[in-house]
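First comes the structure, then the notes that go with it.
We did not get these values from a lab; they are worked out from the coordinates using the rules stated. The structure displayed is predicted, hence computed values, not measured ones. Because the Cβ atoms are built from the backbone with ideal geometry, glycine has one as well, and the counts that use them run over all protein chains shown.
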Amino acid sequence: MKTGILLGAGFSYDFGMPISRELTEIFLNLFNRSNTRGLIAGMANHQPFTADRPINKAAISEVFDLLLAYKENKGENYEELLSHIQALSEDYGKSQSDRDSYHYAFGLLYEIIYNLLAIYQSESYKALYHKNLKWFSKLENILSTEETWVFTLNHDIFLECLAIDIGIPITYGATGNIEFPVSNIEMGERINFSTQDRSSYRTDNPSFLSGKKGINLVKLHGGLTEHSYKDECIICNQNLNKTTSKELISDFYKIQRMAYYHQGQKVPDSKDRAITNASGELDLISKSMLTGGKKYSKTAKPKKGEEKLIVFDDILGRLDELTIIGYGFGDKHVNFRIANAMARRENLSIRIIDPNLRKTPEFLEPFEYDSRINRASCGAAHWIDYSKSQKWDAEQIEALKSNSLIRNEIKSKVESLVQTGKFNKWE
């Protein structure tokens, strides 16, 4: 049977990564009426675009009024908030200055979210990864006998860590490599990326595994270590040719430190990062983590730059079963493609693994017949073990329950690092 996997945030929960509500709480707690006044004033004095495209204080204030209102109304989904701000930046009833200001503010908030997730990745790996590795060690139980396509909506690199430590072949489908210095003041420290031309990102790419066991990994929403280069023509990913996850995390830290320094000062980060090329000169690379309401277009036909959706559609057309782990079904572009594949193919079934999902998502209700929709109320690690043994492991259940205390410690550590301003302090 040909199986594929779709991963949501629940897959990484036992490794310590935050659910949306937790991350939103930390993010919103950074802002209050007092500190946003200073932030607005400072941003209004910047000129991030050309001289003939000035930003304005009123539009920046509008963004932070929106943010503070969302906080006061106890909003729990930072992506919902970012979607509202993105919509403002694309409202052509607004002036160019307004749209530029909204876009500038969105970039700042994007950078904060990115840094929060990066700190979570670091602290979660230190605190929980090795404790829980044994409970995920049978990951092969849910893989096909040949290649398994895994589509993830997560930005972390825990699946990559697992595959390397367990010894499961894994690839992003990369066809080349590129090396950068960490910065122009650390020219001796290098980071190697695997590369993929966006124009050749297809399922028939020979660098994807075919006919043998292993994971073809597609990060539908990008990730903390994925970047676009050369006007988004090249996808750069962390090199997975490692012997241990520790080596992968070491590279993760280097990627976070990538920078270019001018007169001893680091050129500020944004979605477009100032980095250093092999000659020690300024270069640009773009973070590819997708968040907010503009992950993909709303049309059924993918547009340029949406090659990953084409691959997702293609693979859904070949599977007998799609196992969905820890996904809350909040992304319309993903749900649409699953529903479309279910309507086209009577032999495709869905298995949903989620301890919190109480009923079948509405868009899948038309297919709830002939055992096409199956559910298991458990976490990722529980299912990995149970799927083959057909028995629940009491020791595992108790061990995973104990993660809650450590998760709270991770959250406190992240909050402390944020409050002390220790972004980009990567070891």
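Scaled to the globular estimate 2.2 N^0.38 Å, the Cα spread of the range 317-381, given as radius of gyration, is 1.04. Students often forget the sequence filter, so: which lysines lie under 21 Å Cα-Cα from K388 once same-chain residues fewer than 8 apart are removed? List returned: K2, K134, K138, K212, K213.
About the centre of its Cα atoms, the range 171-278 shows a dipole size close to 300 debye [charges on the beta carbon of Lys, Arg (+1) and Asp, Glu (-1) only; nearest 20 debye].
Remark: relative contact order (the chain) = 21 percent; criterion is Cα-Cα distance under 8 angstrom and separation of 6 or more residues. Taking chymotrypsin sites (Phe, Trp or Tyr not before Pro) across the range 69-166, the ones in a DSSP loop with at most 14 further Cβ atoms lying within 10 angstrom of their Cβ are Y92. In this Cβ point-charge picture (+1 for Lys and Arg, -1 for Asp and Glu), the range 202-255 has a dipole of about 260 debye about its Cα centre. Qualifying trypsin sites (Lys or Arg not before Pro) in the range 1-103, where qualification requires a DSSP coil assignment and no more than 13 other C-beta atoms within 10 Å, comprise K74.
A simple charge model with +1 on the Cβ of Lys and Arg, -1 on the Cβ of Asp and Glu and nothing else charged puts the dipole of the chain at about 220 debye relative to its Cα centre.
With N the number of residues in the chain, Rg(Cα) / (2.2 N^0.38 Å) evaluates to 0.99.
In the calculated pair-distance distribution of the range 192-239, the portion above 13 angstrom amounts to 62 percent of the Cα-Cα pairs. Ranked by the mean number of other Cβ atoms within 10 Å of their residues, highest first, the peptides 347-358, 39-50, 275-286, 216-227 fall in the order 216-227, 347-358, 275-286, 39-50. Here is the size of the range 4-103 from its Cα atoms: Rg then Dmax, 16.4, 50 Å. Label separation (N340 vs T299): 1.2 nm, computed from points 7 Å beyond Cα along the C-beta direction. The protection proxy used here, the mean number of other Cβ atoms lying within 10 Å of each residue, ranks peptides 365-371, 139-145 as follows, highest first: 139-145, 365-371.
When each of the peptides 403-413, 161-171 is scored by how many other beta carbons lie within 10 Å of its residues on average, the order from highest to lowest is 161-171, 403-413.
Each 5 Å bin from zero holds the following percent of Cα-Cα pairs in the range 148-293: 2, 10, 19, 23, 20, 14, 8, 4, 1, 0, 0.
Take the Cβ atoms of S83 and R202, set R0 to 30 Å, and the FRET efficiency comes out at 0.50.
With a Förster radius of 51 Å applied to the beta-carbon distance between E395 and F363, the computed FRET efficiency rounds to 0.85. Using the Stokes-Einstein relation with a Kirkwood hydrodynamic radius computed over Cα pairs, the translational diffusion coefficient of the range 56-171 at 4 °C and a viscosity of 1.567 mPa s comes to 74 µm²/s. All C-alpha pair distances within the range 186-272, sorted into 5 Å bins from zero, spread as 3, 10, 19, 22, 20, 13, 7, 3, 2, 1, 0 percent across the bins. On a full-extension model of 0.36 nm per residue, what is the gain between S377 and C233, subtracting their alpha-carbon distance, rounded to one decimal in nm? Taking S377 through C233 to full extension adds about 47.7 nm, to one decimal. Between the beta carbons of S210 and K134, assuming R0 = 22 Å, the FRET efficiency works out to 0.10 to the nearest 0.05. Between E72 and Q96, the contour length at 0.36 nm per residue exceeds the Cα-Cα span by 5.7 nm.
Measuring from a point 7 Å past the Cα of A58 along Cα-to-C-beta, which residues in the range 97-138 have an amide N at less than 15 Å? 97-102, by backbone N distance to the label point. DSSP assigns beta bridges within the chain; of those with both partners inside it, close to 50 percent run antiparallel.
Each label was represented as a point 7 Å from its Cα along the Cα-to-Cβ direction; for A278 and R21 these points are 5.0 nm apart. The GluC sites (Glu not before Pro) of the range 15-103 meeting both criteria, a DSSP state outside H, G, I, E and B (loop) and at most 13 other C-beta atoms within 10 angstrom of the site's C-beta, are E90. Relative to the longest principal axis of the Cα atoms of the chain, the long axis of helix 33-44 makes an angle of roughly 70 degrees. Between 0 and 90 degrees, the angle of helix 245-257 with respect to the longest Cα principal axis of the chain falls at about 20 degrees.
With K and R counted +1 and D and E -1, the other residues having a Cβ less than 9 Å from that of T360 yield a net charge of -1.
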